[in-house]
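Student: Here you go, one structure.
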Amino acid sequence: DFIRYIDAVAINKQSSLVAAGTSTGNITVWDISSGECIKTISESNSGIQCMAFGADNLFAYSASNGDIVIFNSIEDEEKVILNAHEKPVYSLSFNNDGNLLLSASGDGTTKLWDMTKRLCIRQFPQSF
């Protein structure tokens with residue numbers, strides 16, 4: 001048996017959903033009050049490195065390939081893939097309104113993304 005490790009977790013802004021991502025590339029989202037699984041996502045290419053919820057259940061995650069995958073809502077099936085970084089993304093964070101996303105990568109960059117346009121609007125180089 002192959003052991004799956006949980007590498008990333010997130011809770012939504014309303015404290016009603018939790019998500020866990022594994023080293024084998026699976027994400028499970030549960031309703032906190034019922035404990036019911038409401039969504040599973042399989043990222044077959046690589047393990048999940050990080051994930052974050054934004055306003056209105058906007059959801060983003062990154063696997064070890066450097067891409068960021070975004071769902072407008074965790075209930076949606078349609079997703080947008082940003083070719084974000086050259087190396088794995090290790091951290092994602094939305095602002096309170098969900099219109100900005102910050103990503104940090106092993107490529108030494110931190111990028112600020114406009115979520116309405118799905119574009120990088122600023123790149124911060126490694127400075128230490």
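Student: Roll a 1.4 Å probe over the protein heavy atoms and report the accessible area of LEU58 in Å², nearest 10.
Tutor: 10 Å²
Student: Under 14 Å from the Cα of LYS39, which aspartates and glutamates turn up, not counting those fewer than eight places away in the same chain?
Tutor: Cα-Cα hits under 14 Å: ASP31, GLU75, ASP76, GLU77, GLU78.
Student: Taking a 1.4 Å probe, which of ARG118, ARG4 shows the most accessible area, and what order do the others take after it? Intermediate results must be reported in sequence, preceding the final value.
Tutor: Working: ARG118 55, ARG4 145 Å².
Correct descending sequence by accessible area is ARG4, ARG118.
Student: Go through (1) 14.1, 45; (2) 16.6, 57; (3) 15.4, 51 and flag the label whose value is the computed Rg and Dmax of the Cα atoms in Å for this structure.
Tutor: Working out Rg and Dmax of the Cα atoms in Å from the coordinates points to (1).
Student: Which of GLY47, GLY35, GLY106 moves the most in a Gaussian network model of the chain with Cα springs under 10 Å?
Tutor: It is GLY35.
Student: Can you sort ASP7, ASP97, ASP31 by 1.4 Å-probe accessible area, starting with the largest? Provide the component values of the computation, followed by the final result.
Tutor: Details: ASP7 85, ASP97 115, ASP31 40 Å².
Output order, biggest surface exposure first: ASP97, ASP7, ASP31.
Student: Using a 1.4 Å probe on the protein heavy atoms, what percent of the accessible area of the chain belongs to carbon and sulfur?
Tutor: Working: 3420 of 7200 Å².
Summing carbon and sulfur atoms, their accessible area is 48 percent of the total for the chain.
Student: Just how large is the dipole of the chain about the Cα centre, in debye to the nearest 20, putting +1 at every Lys and Arg Cβ and -1 at every Asp and Glu Cβ? Walk me through the intermediate numbers first.
Tutor: On the way: 9 positive and 15 negative charges, 84 e Å.
For the chain, the charge dipole is close to 400 debye.
Student: Taking 20 Å as the cut-off for C-alpha to C-alpha distance, list the pairs among LYS13/LYS111; LYS13/LYS117; LYS87/LYS111 that go past it.
Tutor: Numbers: LYS13/LYS111 22 Å; LYS13/LYS117 22 Å; LYS87/LYS111 13 Å.
From the list (LYS13/LYS111; LYS13/LYS117; LYS87/LYS111), the Cα-Cα distance tops 20 Å for LYS13/LYS111; LYS13/LYS117.
Student: A follow-up question, please. Could you identify which residue out of ASN83, ASN26, ASN99 has the top mean-square fluctuation in a GNM of the chain using Cα springs shorter than 10 Å?
Tutor: ASN83
Student: Please give the solvent-accessible surface of TYR5 in Å², to the nearest 10, using a probe radius of 1.4 Å with every protein chain present.
Tutor: 130 Å²
Student: Using Cα-only point scatterers and the Debye equation, what is log10 of I(q)/I(0) for the stretch 43-114 at each q in 0.17, 0.18, 0.21, 0.25 Å⁻¹, rounded to two decimals?
Tutor: -0.54, -0.61, -0.83, -1.14
The values are calculated or read from the model by the stated rules, or taken from the named source; none is laboratory data. Just so you know, these numbers come straight off a predicted model, no measurement behind them. Virtual Cβ from ideal backbone geometry, glycine too; neighbours counted across all protein chains shown. Quick note on the areas: whole protein, heavy atoms, side chains included, nothing else; ligands and nucleic acids left out. Shrake-Rupley method; radii C 1.70, N 1.55, O 1.52, S 1.80 Å.
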